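Every number here is computed from the coordinates shown, using simple stated rules; none is lab data. The structure presented is a predicted model; accordingly, all values stated were derived computationally and were not measured. Cβ atoms come from the backbone with ideal geometry, glycine included; neighbour counts cover every protein chain shown.
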Amino acid sequence: MITPKLSLTLFLLLLLCIISTGVALTIGPANIGAEEFINCYLGSCSSQMTEMVVWQVRTPRVLVGLVAGMGLACAGAILQNTTRNPLADPYLFGIVSGAGLGATIANIVLADELTVALPLAAFLGALFSVTIVVIIAKAIHRMEQILLAGVAVSFMLSSVSQFILYLGEPFATNRVLFWLMGSLARVEMFNFYVIAAVVLLAFILIFAYHRQIDALLLGDESAASLGVDVNRLRLLMLAICAALTATIVAYCGGIGFVGLMIPHIVRQLVGVTTLPLIAGSALIGGSFLIWVDVAARSALENAEVPIGIITSAIGSVFFLAIMYKTRNN
Amino acid sequence: MLCLGSQKEPDICFNNRAGLHESNSVLIFYFITPSPRSCAYSFYLFNRQYSSGSIGRWQNEIFAEHGVAKLMSSLLSLAGIHWQVDNKPILDNISLDVDKGEVIGIIGPNGAGKTSLLRCILQQQKQTSGCIYFKSKNISQYSSKELAKYFAMVAQKAAPIFALTLYDVVRMGLLPHKTAFSLDNDHDRHQIRLALEKVGLSGDIDTAFNLLSGGEQQRALIARALVQQAEILILDEPTNHLDVYYQHQILQLVKALKITVIMTVHDLNLAAQYCQRLLLLDKGKLVCDNTPDKVLQPEILSRVFNLDCQRDQDPVTGAPRVYFHLAEHADDNA
């Protein structure tokens, strides 16, 4: 129900998200103040150097962080609701290892054209792994056990990529390893447009089906009695999660645990029904990844910490905290 | 009730599945039987002109496999429902009509097919043969969303995840009536509040559903069914896990809703008290379909439940009451 409290919470989260975006733009090795940023956006940069940093480094990076965080958090929220598993995370169902396999093959076979080949191969790899996972889950007639199938497929594909890397050249191994750790350092505005488009499409589809997704919260049978085609809905939502995660992984590499963590925080704030959950997850997820990226680029002098390392570190602690908190249930 | 002719102005209606009918010097003997394979009723009609002096031959006119849309006027009709799994029949040739406003209890031992029958009616599982008609239309012609507008289900156990609130659960009932991209409006919220009031749960609507007592959860699901505006309420063991007070509270509530109710009930005395009509199932067969007084006969029950059975009357309501005892010869039958 849209209570004044819920509206206020969502408004504050929106404010947080906007402020985070604004502030994060001004943080980085090159010291560019807010005033200069505004000038640059209005078309009068003080120097070419500043213009380059603003348009080609800072802006794409913060915007990709924003939409990637939104996408990952929403994918996690939807996955948790549709698989009825509070510990579900898009990274747990084979997407990253599939993308990793794609990236590995691209690094070995198409090493000269990596800028185009790597995202594409990673995306195809991710879709490939999700397809296998869904086929397995359908074959055993238990769509709710899709996460277990995902873990199995994940190990299988990882072992394949590790075998290829073991035989391959050390440089390729290095590149793949760094890529898997996740980073927003190499992103461009074009990446932002692609990810934003997929996120927008996902929002529209989720909005169209929000009542059906809500109905699943009380169990499959209950949803079916309300006229929901449970298996079809689950498949559609998995496809959305897969597309979101695969696109983000393809450009940013492995950024784990955002999808697991953020929805849990959001549920405490705005409740469990789909619309507020997705709105809240998008806003908090976006802000979260922006700040993690700020930490990634300013924690060490002269070097970047891969963003996936930070999210995994925070996420694993969070994961244990959830397990501790729910130990009595 | 079965009618011949057009839906609105039937030429002739019959209250039973077989009988004699007399009109305009024609004596008609008829019987109606579900034909399991073709999803229709076969209507057999034999007529005979009679006038003083001449007795004609019985003429055999068979209106075989008439579209039941023409024949039926009950709200819900089951015609020869069979359901089998691996050649093992779970439901065996079940035919019955349900009229609007009836409160029907399905009773029988474990494994008799009570829940399976409910699942067939809801089309959550497809019968092997036979047909179900709802409002004179084959139920398979309704989409699952349309069915959800007419049938509401209160399952034995709900399995909520996360901190789903009471309000969220009742709100789900809006689903069949809403299109994609729709938001709740004031009318919807009013409906939800009315439903909650009707089941006596208008207190704290933000309480987590899984913190409610069993009886409150059942009432919340009934409120959801009210928001769903269903015409037939289907309940699977609504009194399971409830204490005596809540058992009576739930059944009283269900009865007071004045809609068509089909429910499975384990407690025969509760069924006798709150249902107008009982269906006794045994090994997938419909053994009895009648008023509680007629169905709860010690001879029938002791055969079906394999227990000695005695019966008397509830001193207050006058409903039949049955008692069971382990038969001394039970070991022989086991």
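Brief remarks on what is shown
- Between residue A:34 and residue B:86, the modelled labels are 7.1 nm apart [label points 7 Å from Cα along Cα→Cβ].
- Counting every other Cβ atom within 10 Å of each residue's Cβ, A:67, B:316, A:272 order from fewest to most as B:316, A:272, A:67.
- Peptides A:202-215, B:206-219, ordered by how many other C-beta atoms sit within 10 Å of their residues on average, highest first, read A:202-215, B:206-219.
- Averaged over residues, the count of other Cβ atoms within 10 Å places the peptides B:255-266, B:231-242 in the sequence B:231-242, B:255-266, highest first.
- Taking every residue in B:142-151 and counting other chain Cβ atoms within 10 Å of its Cβ, the average works out to 3.
- Burial ordering of A:141, B:82, fewest other beta-carbon atoms within 10 Å first: A:141, B:82
- Chain A: most fluctuating residue of A:275, A:101, A:12 per GNM, C-alpha cutoff 10 Å: A:12
- Gain in span if fully extended, residue B:317 to residue B:204, counting 0.36 nm per residue against the direct Cα distance: 37.2 nm
- In this rough spin-label picture, where each label sits 7 Å from Cα along the Cβ direction, the residue B:194-residue A:115 distance is 6.4 nm.
- Ranked A:252, A:17, criterion: other C-beta atoms within 10 Å, fewest first: A:17, A:252
- Among the listed pairs A:138/B:126; A:138/B:157; B:126/B:255; B:135/B:283, those with a Cα-Cα distance over 27 Å are B:126/B:255; B:135/B:283.
- Förster radius 56 Å - calculated FRET efficiency between residue A:265 and residue B:243, Cβ distance, rounded to 0.05: 0.90
- With 28 Å as the limit on Cα-Cα distance, the pairs of B:88/B:145; B:198/B:285; B:100/B:198 that go past it are B:88/B:145; B:198/B:285.
- Under-5 Å amide H pairs with residue B:321, H placed in peptide plane, nonlocal only: B:312, B:313, B:314
- Spin-label model distance (nm) - residue B:143 vs residue A:322, 7 Å beyond Cα toward Cβ: 3.4
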